[in-house]
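To keep things clear, I will list the structure first and then write my remarks on it.
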Amino acid sequence: MSRPTHIDLNADVGEGCASDAQLVPLVSSVNIACGAHAGDLATMRRAVAMAQRHGVAIGAHPGFEDRENFGRKEIAMAPGKAAAIVVEQTRRLESVASGLGARVGHVKLHGALYTMASRDRVLAAAIVAALSVAAQESGSRWVLFGLAGSEMLSIGRAFGMRVAGEAFADRLYRPDGTLCPRTEAGAVIEDEAAAARQAVRLAKEGLVRATDGADIKVEADTICIHGDGPNAVGVAHRIQDGLELAGINVRSRS
């Protein structure tokens, strides 16, 4: 197997976290909240402008319109309606970006919607189909970010979309390659060194240690740092240092 030479490092921003200004220069892609689970037009403009200043790829981060639960509570919704809110939010960010002379290069679902679409083929198909049509209408070529090995990505490929398998620096994995729910103790890795080690190993070896102690294969094109994490900036610095030592460059997918 050839040695990896680069990896995309992404972060969720525009969600009201004070660390955005420090975090954005440390990653290659940002996923900007589109005014549903967090943010508004003003925060979207600030995040786009920040990404432009640092040469960071811009992506839409649509999710459930549920600010009370930060978009992390699963909501029963018809697939067509879920697809419509994803497209509407993506277009909203695209309009903001266009007004600033920038472009939206990728789409990454947020929170509970991301998790649901990772396992539900009907929901994933509705969202991918709607994004495909919207991309054709706007002349865009969005890269679809999704959980590595998920239904979302397999359907995205079937629709001819460019896709990027995503892994997480700061989340525990189950033996089947899915993420441990946040409701489980220890599901979020808060230790900076541990999160950085996991990210570097994912980038370098394509492996992650699951909750049963076994190593599982994760084919990641991009690694996420949650911007709302209390140690997000510290984790990003440590990941950058670890990747440099491993000879792996940080480069966007879009």
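Reducing the stretch 1-55 and the stretch 187-204 to their Cα centroids gives an inter-centroid distance of 19 Å.
Fraction of C-alpha pairs exceeding 12 angstrom in the stretch 43-94: 70 percent, rounded to a whole number. Over all orientations, the stretch 1-140 has a Cα convex hull whose mean projected area works out to 9.6 square nanometres. For the chain, the dipole from Cβ point charges (+1 on Lys and Arg, -1 on Asp and Glu) about the Cα centre works out to 640 debye, to the nearest 20.
The string of couplings for the stretch 55-72 from the Karplus curve (6.51, -1.76, 1.60, θ = phi - 60°) is x, 9, 5, 9, x, 8, 10, x, x, 5, 7, 8, 5, 4, 10, 6, x, 9 Hz, one whole number per residue in order, with x for Gly and Pro. Across all Cα atoms of the stretch 176-248, the radius of gyration (one decimal) and Dmax (whole number) stand at 12.2, 36 Å. Each distinct pair of alpha carbons in the chain adds a 1/r term; the inverse of their mean, the Kirkwood radius, is 17.9 Å.
A dipole drawn for the stretch 55-116 from +1 and -1 charges on Cβ atoms has a positive end, and of 71, 109, 85 the residue lying farthest that way is 109.
Secondary structure note: in the chain, about 15% of the DSSP beta bridges are antiparallel.
Ordered by solvent-accessible area of protein heavy atoms (1.4 Å probe), largest first, the residues 137, 15, 184 come out as 137, 184, 15. For the stretch 113-130, backbone phi angles converted through the Karplus equation (6.51, -1.76, 1.60; θ = phi - 60°) give residue-by-residue couplings of 5, 4, 5, 5, 6, 5, 10, 9, 5, 5, 5, 4, 5, 5, 5, 5, 4, 5 Hz, Gly and Pro being listed as x.
Under a straight-distance cross-link criterion of Cα-Cα below 27 Å, which lysines are reachable from residue 204, leaving out those fewer than 8 residues away in the same chain? Straight-distance partners of residue 204: 108, 217. The largest accessible area among 239, 75, 189 belongs to the first residue in 75, 189, 239, and the rest follow in falling order (1.4 Å probe, all chains). In summary, the stretch 106-254 shows an alpha-carbon radius of gyration equal to 1.06 times the 2.2 N^0.38 Å reference for compact globular proteins. Put +1 on the Cβ of each Lys and Arg and -1 on the Cβ of each Asp and Glu in the stretch 5-83; which of 44, 9, 19 then has its Cα farthest toward the positive end of the dipole? Going by the charge dipole, the pick is 44.
What you get for the stretch 136-176, charging only the Cβ of Lys and Arg (+1) and of Asp and Glu (-1), is a dipole of about 120 debye around the Cα centre.
The values are calculated or read from the model by the stated rules, or taken from the named source; none is laboratory data. Keep in mind the model is a prediction, meaning the values are calculated, not measured. Don't worry about glycine lacking a Cβ; one is built from the backbone with ideal geometry, like all the others, and counts go over all protein chains shown. The area values use the complete protein model at the heavy-atom level, side chains included, leaving out ligands, DNA and RNA. Shrake-Rupley method; radii C 1.70, N 1.55, O 1.52, S 1.80 Å.
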